[in-house]
Every structure is written in structure tokens, then in C-alpha cells.
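J.: Here's a structure for you.
The values are calculated or read from the model by the stated rules, or taken from the named source; none is laboratory data. Treat the numbers as computed from the prediction; the structure is a model and nothing was measured. Using ideal geometry, Cβ is built from the backbone for each residue, glycine included, and neighbour counts are taken over all protein chains shown. Side chains are part of the model used for accessible areas, which takes the heavy atoms of the whole protein and leaves out ligands, DNA and RNA. Shrake-Rupley method; radii C 1.70, N 1.55, O 1.52, S 1.80 Å.
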Amino acid sequence: MRDCQDRWRFHAGVSGLFFAALMLAMATDAQDVARPRPVDPAAWGGDHVGQPFPPYVTGDECLFCHRDIGPTWGDNAHQRTIRPATPDELSLAALREFPRGKDLADQTQYLLGSERMTRFLKRSEEYGKLDLLSAMFRPQQNADVETDEASRENAPGEIHLPADDDEPRWEPHTFADRCAGCHTTAVDSRGKAFSSLSLDCFTCHGDVPLEHTKDTSLALLSAKHREPRQVISLCGQCHLRGGRSKSTGLPYPNTFVAGDNLFRDFQVDFSDEGLNTLPAADRHIFENTRDVALFNQTEMTCLTCHDVHTSSSERHQALEEVTICGSCHIPGTESRELREGISESAKFHVHSRVCGY
Ligand code: HEC
Ligand code: HEC
Ligand code: HEC
Ligand code: HEC
Ligand code: HEC
Ligand code: HEC
């Protein structure tokens, strides 16, 4: 059994020889008969690994024309993942009450995260970098208040310190080394400086040429341009938490531009064993990505179920039952009963080693 599972510990960018051996092993293993033959996920498309980012059009410029996107964008989790700290935030009030917290709260310029964890940040002396406060705010996970947006905002929470820390301090390197690539835009892999805070249109739409106004197929993610392998690559650049760049060793990709093939440089554990250790929210992401990237099953992607701009997954409810539904629902149940740890009120009690919550 172990032997079989280890074979799924697939690292992209494997040598041709290893890949051939993998294919052979899969084809001759009776246990894997039900699974299609894996393809080499690194085989298609291009990448920008180690190159500078191309200049890109910023969100303000896009929104000047795309006013329809504007109204929901301000509240979108991607746009808000890092946001200016406003004094009325509950997390800041809690920090202020903490021993020595008042000064730290005054120094805080940005907040990261919300429902499960909030982190405090300030600009570093170096351009394009942020200092991360070692102390964090953990909102109380209360199923009853979670259903009610307004009362959740007022729900109590606590400041926590990492075990090896006796008082909160500003860490100058943690954010650049471990977080920047998934919470800011266009991080230069060498200097690890970001080009803009939070997540701009560029992270998902890539380099959109102005000519797309006449030919929308030139805009990635337009109705005419949604290639499944590009979709799972571009969402996966941030949502495959636990992956690692082969060239930099960092936990985020090296110069990924939406449209690229992520798996030329980003190594991800797609083994059954690896998937089974993930919380459901992350598990279905790895499962869907594996289906597309390794098994060439391209009929379902993140966009089959998620509408990113309206933050809705409602359309998933109208789908036929398939294997991936079992990541969250107990298979075969008429009412689509949810697995343990997932409920409608407290949807995901998610934890992430990468993000530290
Ligand atoms: C590989 C990409 C990646 C890296 C690296 C990463 N994050 Fe995240 N982070 C994410 C994604 C994706 C989510 C959203 C997950 C979800 O909603 O299920 C997230 C969510 C969060 C949240 C929000 C939790 C909430 O819902 O309130 C916090 C806080 C956070 N990350 C902090 C960090 C910190 C601190 C680091 C560095 C130590 C870090 N992350 C590194 C991808 C990453
Ligand atoms: C986190 C990924 C992501 C980010 C960031 C993002 N988009 Fe999108 N966008 C999508 C996806 C996915 C679609 C395809 C429609 C769908 O199914 O949600 C889309 C569709 C669109 C469309 C087509 C119209 C529509 O609603 O279907 C426009 C225009 C657009 N985005 C503009 C923008 C602009 C402008 C920004 C920045 C302010 C932006 N997007 C940021 C993922 C993103
Ligand atoms: C000069 C105005 C202008 C700017 C700037 C602009 N767009 Fe567009 N965009 C258009 C027009 C016009 C269309 C075609 C009509 C439509 O579908 O809205 C379009 C179409 C699109 C579509 C395809 C919508 C569909 O039909 O599926 C996407 C996606 C998109 N733009 C994203 C962006 C992003 C992201 C940016 C910034 C990088 C951007 N646009 C900048 C004018 C603009
Ligand atoms: C550049 C990194 C990045 C990319 C690219 C990205 N995400 Fe995210 N995503 C995040 C982070 C970070 C959060 C959590 C933000 C927070 O809560 O602070 C998030 C949150 C989410 C959420 C939960 C919040 C919500 O709006 O419902 C969904 C669903 C999601 N992303 C889907 C997608 C899909 C689908 C794509 C590809 C079209 C995508 N993301 C691309 C980083 C990214
Ligand atoms: C079969 C449908 C389906 C597919 C395919 C799918 N998702 Fe989901 N996803 C869901 C549902 C349903 C939820 C839970 C409801 C919600 O949070 O909106 C969810 C939750 C999430 C969350 C957690 C939101 C939170 O509360 O923190 C993220 C992030 C996410 N999906 C990203 C992705 C990405 C990235 C992909 C593509 C690799 C993907 N999903 C593919 C249906 C799907
Ligand atoms: C990532 C987790 C996730 C995945 C994967 C997922 N669901 Fe769901 N599903 C949920 C959650 C959470 C709800 C509760 C309502 C909501 O928030 O969307 C739900 C609700 C539903 C409902 C409505 C049930 C009711 O009582 O109203 C149906 C039907 C449904 N899902 C079908 C499916 C099907 C079919 C699939 C596979 C194609 C699937 N789901 C995959 C998380 C998931």
C-alpha cells in the first residue's frame, strides 16, 4: 500500500526517465486500473521562471473601463487580503489592550486576513517589503455568531504569541521569505520585493494587452479564453499551499505569470497520502488540480463551481454527483450531507501550516 501511495508523490519537472518509470509502474499496477494514465504536467506551455515580471496594467486602469467589476471588487477577499489598518478594527483594539500593545497598534499600517486569523504589518525600510508582527489576533470561532455577518464583526477574539516568543516583536524577514508571493502582487524572486500590495487583477488575468477590447480572446479568463490547465495553474499558484519552488526553495512560485504552466517549477505533493492529510477546503483544490494536471480530465475546473468576482460557489449545487463531491459531502446521501468539520454555519474549521492559522 505504502509503495502504491508513494508513487503519487509526484513532483513536477521530473526527468523524462523517472516519468517513464512512473508511467510504467502505474500501468502495471492493478490497484490503479480505475485511474487514467498520468500525463507529464510540466509538458505544455511556457513559464517566466527567473525572469523579471513584464510591466502590467494596474487594477485602477482596468477598473476605469470595467466599471461593472468595481462594485464587488472592493469587498473581494483577494483585493482585501492585505488592507490598510483602520482604528475601528477589532483586532487592533485587542492588540492595544495587550501588554506593550499600544505602541505596536499605533505602528501597524496594514492587516492581513480576517475570519480565522488577522496579522499585523508595517512597511519595512526596504522598498516592497513588510515587517510582520509575531503576535496574531485569533477571532473566536463561534458557530452561532458565524452565521451573522454583523455579530461576527463584534465577536471577541484573542491576541496570541508563538510559543517561543515572550513578547511581540516586528519580524523583518518572515513576510518576504514565507508569505509575500501569495498575499501581494508580482514578487521578485531574488529580492523578494512585491510590486503592489494585496492581489491585483494581474495575478489572475496576467498580462492583458489593450487590443483585448476588440478581441476578447486576448484576455485570459474571458468567456473565450479559459483553458483548463491554465486555470488550475493560475489559481494553484496560491491555492496549492504546501508546494515549493524548485529553483528558489520558497513556498511560493518563482515569477509566475497567469497563463504559464505552474508545474514547470512548482513542486506539489499529489499523493493520496498527502491529500488525505489536508482539510477539506484545501483537499478539493488539490484533487481538482490533480485531475486536470495529471489525469488530463479537463471538464471540471475551479470555475465550474466558483464565481470569483461575486465570491459565490452557488452554481456547484446544480452539478451531477462525481468523485470530488466526496471531499466535502458524504457520498450517495440524498440531501448532500456534509462531512465532519464542514457545516453550513461554520463552513470550514480550516488550519494551514503555511499560513500559520
Ligand atoms: C502558497 C501560497 C501562500 C503562502 C506562501 C501563504 N499564504 Fe496565507 N493564504 C493563502 C491562501 C490561498 C489563503 C486563503 C485560503 C482559504 O480561504 O481557504 C490564505 C489565507 C491566509 C490568511 C487568512 C485566514 C482567514 O481566513 O482569516 C492569513 C492570516 C494568512 N493566509 C497568513 C499568511 C502568512 C502570515 C503567511 C506567511 C507566513 C502566509 N499566509 C503564506 C496562500 C498562501
Ligand atoms: C483571484 C482571481 C481574479 C482576480 C484577482 C481578478 N479576476 Fe477578473 N475574473 C476572474 C475569473 C475566474 C473570471 C471568469 C469569470 C468567472 O467565472 O468568475 C474573471 C472575469 C473577469 C471579467 C469578465 C467579465 C465577467 O464578470 O465575467 C472581467 C472584465 C474581469 N474579470 C476584470 C477584472 C479586473 C478589472 C480585475 C482587477 C480589478 C480582476 N478581474 C481581478 C478572476 C480574477
Ligand atoms: C480602455 C478600456 C479598457 C481597459 C483599460 C481594460 N479593458 Fe478589458 N475590456 C474592454 C472592452 C471594451 C472589452 C470588450 C467588451 C466587454 O466584454 O466588456 C473588454 C473585455 C475584457 C474581458 C473579457 C470579457 C468577456 O467578454 O468575457 C476581460 C476578462 C477583461 N476585459 C479584463 C481586463 C483587465 C484585467 C484589464 C486590466 C489589466 C482590462 N480589461 C483593461 C475595455 C478595457
Ligand atoms: C495571488 C494569489 C491568489 C490567486 C492567483 C488566487 N487566489 Fe483565491 N485567495 C487567495 C487568498 C490570499 C485568499 C484569502 C484572502 C483572505 O481571506 O485574506 C483567497 C480566497 C479565495 C476564496 C475564498 C474567498 C471567496 O472569495 O470566496 C476562493 C473561493 C478563492 N480564493 C478561489 C480562487 C480561484 C478559483 C482562483 C483562480 C481563478 C484564485 N482564487 C486565485 C489567493 C489567491
Ligand atoms: C465541484 C465544485 C468545486 C470545484 C471543482 C472547486 N471548488 Fe472550491 N469550493 C467549492 C465549494 C462548494 C466550497 C465551499 C463553499 C464556499 O466556501 O463557498 C469551496 C470552497 C473553496 C475555498 C474555501 C473558501 C473558504 O471558505 O475559505 C477555496 C479557497 C476554494 N474552494 C478554491 C478552489 C480552487 C482554487 C479550485 C480549483 C483548483 C476549486 N476551489 C475547485 C466547490 C468547488
Ligand atoms: C469544498 C467543499 C464542497 C465540495 C467539493 C462540494 N460541495 Fe456541495 N456544498 C458544500 C457546502 C459547504 C454546502 C452548503 C451550502 C453552501 O455554502 O454552498 C454545499 C451544498 C450543496 C448542495 C445543497 C444541499 C442543500 O441541502 O441545500 C448540493 C445539492 C450540493 N452541495 C451538491 C454538490 C455536488 C453535486 C458536488 C460535486 C459536484 C459538491 N456539492 C461538491 C461544500 C462542497
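J.: Could you pull out the residue among Ile159, Ile232 that is touching a Phe, Trp or Tyr at 6+ places or on another chain (Cβ under 6 Å) and either β-branched (Val, Ile, Thr) or more than 14 Å from ligand 5 (Cβ to nearest atom) (or both)?
T.: Values: Ile232 fails: touching a Phe, Trp or Tyr at 6+ places or on another chain (Cβ under 6 Å).
Going through Ile159, Ile232 in turn, the sole match is Ile159.
J.: Restricting to the stretch 320-339, what's the tally of residues that are part of a loop (DSSP other than H, G, I, E, B) and either open to solvent by less than 60 Å² (accessible area, probe 1.4 Å) or in contact (Cβ under 8 Å) with a residue 24 or more places away in the chain (or both)?
T.: Qualifying residue count, the stretch 320-339: 3.
J.: Another one. List pairs: first in the stretch 35-48 and closer than 15 Å to Glu227 by Cα, second at pLDDT 95 or above and among the small types (Gly, Ala, Ser), Cβ under 6 Å, 6+ apart or cross-chain?
T.: The qualifying pairs are Pro41/Ala293.
J.: Would you mind listing the helices (runs of 4 or more DSSP H) fully within the stretch 51-113 where at least 1 residues are among the polar types (S, T, N, Q) and buried (at least 20 other Cβ atoms within 10 Å of the Cβ)?
T.: Details: elements: 59-65, 70-73, 77-80, 90-97, 101-107.
Result: 90-97.
J.: Next question, about the same structure. Restricting the search to the stretch 236-261, which residues are more than 16 Å from ligand 6 (Cβ to nearest atom), under 15 Å from the mean Cα position of the chain (by Cα) and open to solvent by 40 Å² or more (accessible area, probe 1.4 Å)?
T.: Gly242, Arg244
J.: Shifting gears a bit: Could you go through the stretch 190-203 and let me know if any residue there is away from ligand 4 (no atom under 14 Å from the Cβ), farther than 23 Å from Asp75 by Cβ and open to solvent by 40 Å² or more (accessible area, probe 1.4 Å).
T.: Kept after step one, since they are away from ligand 4 (no atom under 14 Å from the Cβ), are these residues of the stretch 190-203: 190-193.
Narrowing the set further to residues that are farther than 23 Å from Asp75 by Cβ leaves 190-193.
In the following step, the residues that additionally are open to solvent by 40 Å² or more (accessible area, probe 1.4 Å) were identified as 190, 192.
Within the stretch 190-203, one or more residues are away from ligand 4 (no atom under 14 Å from the Cβ), farther than 23 Å from Asp75 by Cβ and open to solvent by 40 Å² or more (accessible area, probe 1.4 Å).
J.: Let me ask something additional. Which condition breaks for Thr248 when tested against (1) assigned to a helix (DSSP H, G or I); (2) within 15 Å of ligand 1 (Cβ to nearest atom); (3) touching an Asp or Glu at 6+ places or on another chain (Cβ under 9 Å)?
T.: Going through (1) assigned to a helix (DSSP H, G or I); (2) within 15 Å of ligand 1 (Cβ to nearest atom); (3) touching an Asp or Glu at 6+ places or on another chain (Cβ under 9 Å) one by one, Thr248 breaks only (1).
J.: Of the residues Arg264, Arg229, only one is open to solvent by 40 Å² or more (accessible area, probe 1.4 Å) and either closer than 19 Å to Cys182 by Cβ or touching a Gly at 6+ places or on another chain (Cβ under 6 Å) (or both); which?
T.: Details: Arg229 fails: either closer than 19 Å to Cys182 by Cβ or touching a Gly at 6+ places or on another chain (Cβ under 6 Å) (or both).
Answer to the check: Arg264.
J.: So for the stretch 279-288 (the condition being part of a loop (DSSP other than H, G, I, E, B) and within 14 Å of ligand 2 (Cβ to nearest atom)), does at least one residue qualify? Step through it out loud before you land on a result.
T.: First pass over the stretch 279-288, keeping only residues part of a loop (DSSP other than H, G, I, E, B): 279.
Pick out the ones that are also within 14 Å of ligand 2 (Cβ to nearest atom) and you get none.
Checked the stretch 279-288: no residue is part of a loop (DSSP other than H, G, I, E, B) and within 14 Å of ligand 2 (Cβ to nearest atom).
J.: Sticking with this structure for a sec: In the stretch 163-182, how many residues are in a helix (DSSP H, G or I) and open to solvent by less than 20 Å² (accessible area, probe 1.4 Å)?
T.: At the first step, the residues of the stretch 163-182 found to be in a helix (DSSP H, G or I) are 174-182.
With open to solvent by less than 20 Å² (accessible area, probe 1.4 Å) added as a condition, the list becomes 175-176, 180-181.
Residues that pass the stated criteria total 4.
J.: Of everything in the stretch 114-128, what is surrounded by fewer than 19 Cβ atoms within 10 Å (Cβ to Cβ) and within 22 Å of the chain's Cα centre (by Cα)? Give them in sequence order. Let's see the steps before the verdict.
T.: Of all residues in the stretch 114-128, those surrounded by fewer than 19 Cβ atoms within 10 Å (Cβ to Cβ) come to 114-116, 122-127.
The answer is Ser114, Glu115, Arg116.
J.: Sticking with this one: Say whether the condition of being modelled with pLDDT of 95 or more, part of a strand (DSSP E or B) and in contact with a helix residue (DSSP H, G or I) (Cβ under 7 Å, 6 or more places away or on another chain) is met by at least one residue in the stretch 183-191.
T.: Yes, the stretch 183-191 contains at least one residue that is modelled with pLDDT of 95 or more, part of a strand (DSSP E or B) and in contact with a helix residue (DSSP H, G or I) (Cβ under 7 Å, 6 or more places away or on another chain).
J.: Now a separate question. Could you please tell me which pairs satisfy a Cβ distance under 7 Å, a separation of 6+ or placement on different chains, a first residue in the stretch 188-216 that is within 20 Å of Val49 (Cβ to Cβ) and in contact (Cβ under 8 Å) with a residue 40 or more places away in the chain, and a second residue that is outside any loop (DSSP other than H, G, I, E, B) and near ligand 4 (Cβ under 10 Å from one of its atoms)?
T.: Short answer, once both residue conditions are applied: Phe194/Thr184; Phe194/Thr185; Ser195/Thr185; Phe202/Thr185; Thr203/Thr185; Cys204/Leu234.
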